[in-house]
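Structure, as structure tokens:
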């Protein structure tokens, strides 16, 4: 929660983000006023009419049924982490476990919010290394379109060489 | 998981401090079941594994004799003092390098690489050093050694200029035009300074991230050739992706990073597969090497051409390439 899913999708979607944000009733997890339940949705129409659909799903485990649904047929995965949450390294481990089949099949990129106070980027890489994984991992500010595009670019580059 | 999972390997050491040994053992416990192979720190001389050499503590003239006692082991070198790097020239060309202080990520990479080599029997002894492809300036070599440090205050003096570095937690502060001095061929003198030195106070005012300096140095220093401690026929892999702020030429560097993060590959093979110029690839490899992002693997062997991919696989790849091309085009990537 609070990693910036809705903002990130909005940075690249050609339509306004279709959001399921509601008033945040879990202030212990995050102080933000609203939060996503179920999913966010954005889309990009490609040349030839194909549509690239972008889904954002909440990180709380009570929504993990959505993880499986959205993983079906997905091209790839971008994991956004809020560096200021109590245990962002555990969050990363949780998502790597929760999306393991999709990551093994396609690939993933990790974006870590660049707010001060959390673990270093090296610490996140240590988590990946302990699982014998090597994923692109960047410190990002999802309010900046260029940072979001970097995540997409890295994901496409990883997918291209699989 | 590779077939090396159930093989047992031994770790021995020459010159490691008791503190380094303690840290190593705790990391090995942490990596149990995660690293390829079953790694034990037993010190046995005649079993397959790695021999960790602390270059800070060995005498250069005794190194070869000491290593000869461990014929079945791959050498992994570690050092904290810049001066010890000179001794590394006496190590076999395929020696591995461990970070100092030890880091679990680097150790895991090293163990997995060693397990792969030990399983496939690719242990080279006394192989020649990689051929130097460019003449390294003394300043470049000094920067390469400084890049291994995480803290310290040092002054590098050249004939015409003095460059003062203050390194703390991988942030560097420096005074002087570093990149302009890269090709100076005169000897450099490295002097430790104290925090109270006026030159240090002045340098602190001009702070710059260490990785930015190293990255820019790496991009410029080779001028199309690999840096002297790298070899074109060796394989390389990224241990981590370059920081986002360094990927100024994103269209090139992101694709290269993807190629180098998948497996150990030679720069030439990446140039071919990524359809990039060798110049772009060598510049990228040089920058990653200076920043410490690169793992060096074994020398490449000439392999028989791979069997032709099936038409179905080719078609699927082409479809994916077309789709990703459309996405890139739409997003302006």
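Just so you know, in the stretch B:273-292 the residues that are at pLDDT below 90 and closer than 23 Å to residue A:107 by Cα include one that is surrounded by the fewest Cβ atoms within 10 Å (Cβ to Cβ), and it is B:275.
Among the residues of the stretch A:54-77, is there at least one that is within 27 Å of residue B:295 (Cα to Cα) and surrounded by 15 or more Cβ atoms within 10 Å (Cβ to Cβ)? Scanning the stretch A:54-77 turns up at least one residue that is within 27 Å of residue B:295 (Cα to Cα) and surrounded by 15 or more Cβ atoms within 10 Å (Cβ to Cβ).
Of all the numbered requirements in (1) modelled with pLDDT of 65 or more; (2) out of contact with any strand residue (DSSP E or B) (no Cβ under 6 Å at 6 or more places or on another chain); (3) under 20 Å from residue A:81 (Cβ atoms); (4) not in a strand (DSSP E or B), residue A:35 misses one, and that requirement is (4). Look at residue A:136 and say whether it is at the interface with chain B (Cβ under 8 Å from one of its Cβ atoms), surrounded by 15 or more Cβ atoms within 10 Å (Cβ to Cβ) and free of Cβ contacts under 8 Å to residues at least 60 places away in the same chain. Yes: the conditions hold for residue A:136. Of all residues in the stretch B:250-269, those satisfying the criterion of being surrounded by fewer than 20 Cβ atoms within 10 Å (Cβ to Cβ) and either free of Cβ contacts under 8 Å to residues at least 24 places away in the same chain or at the interface with another protein chain (Cβ under 7 Å from one of its Cβ atoms) (or both) are B:250, B:262. Is the stretch A:114-129 home to any residue that is buried (at least 19 other Cβ atoms within 10 Å of the Cβ), more than 12 Å from chain B (Cβ to nearest Cβ) and in contact with a helix residue (DSSP H, G or I) (Cβ under 6 Å, 6 or more places away or on another chain)? Within the stretch A:114-129, one or more residues are buried (at least 19 other Cβ atoms within 10 Å of the Cβ), more than 12 Å from chain B (Cβ to nearest Cβ) and in contact with a helix residue (DSSP H, G or I) (Cβ under 6 Å, 6 or more places away or on another chain). For the subset of the stretch B:22-61 comprising residues that are surrounded by 14 or more Cβ atoms within 10 Å (Cβ to Cβ) and part of a helix (DSSP H, G or I), which member is farthest from the chain's Cα centre (by Cα)? Ranking the qualifying residues of the stretch B:22-61, first place goes to B:30.
When the test is whether a residue is surrounded by 15 or more Cβ atoms within 10 Å (Cβ to Cβ), in contact with a strand residue (DSSP E or B) (Cβ under 6 Å, 6 or more places away or on another chain), more than 18 Å from residue B:257 (Cα to Cα) and touching a residue at least 40 places away in the same chain (Cβ under 8 Å), residue A:155 does not pass it. Does the stretch B:217-233 contain any residue that is under 29 Å from residue A:156 (Cα atoms), assigned to a helix (DSSP H, G or I) and facing chain A (nearest Cβ under 10 Å)? The answer is no, given that none of the residues of the stretch B:217-233 is under 29 Å from residue A:156 (Cα atoms), assigned to a helix (DSSP H, G or I) and facing chain A (nearest Cβ under 10 Å). Out of curiosity, is residue A:102 more than 7 Å from chain B (Cβ to nearest Cβ) and within 17 Å of residue B:104 (Cβ to Cβ)? In short, no.
The values are calculated or read from the model by the stated rules, or taken from the named source; none is laboratory data. For clarity, every value in this text was computed on a predicted model and none was experimentally measured. Positions of Cβ are backbone-derived with ideal geometry, glycine not excepted, and every protein chain shown enters the neighbour counts.
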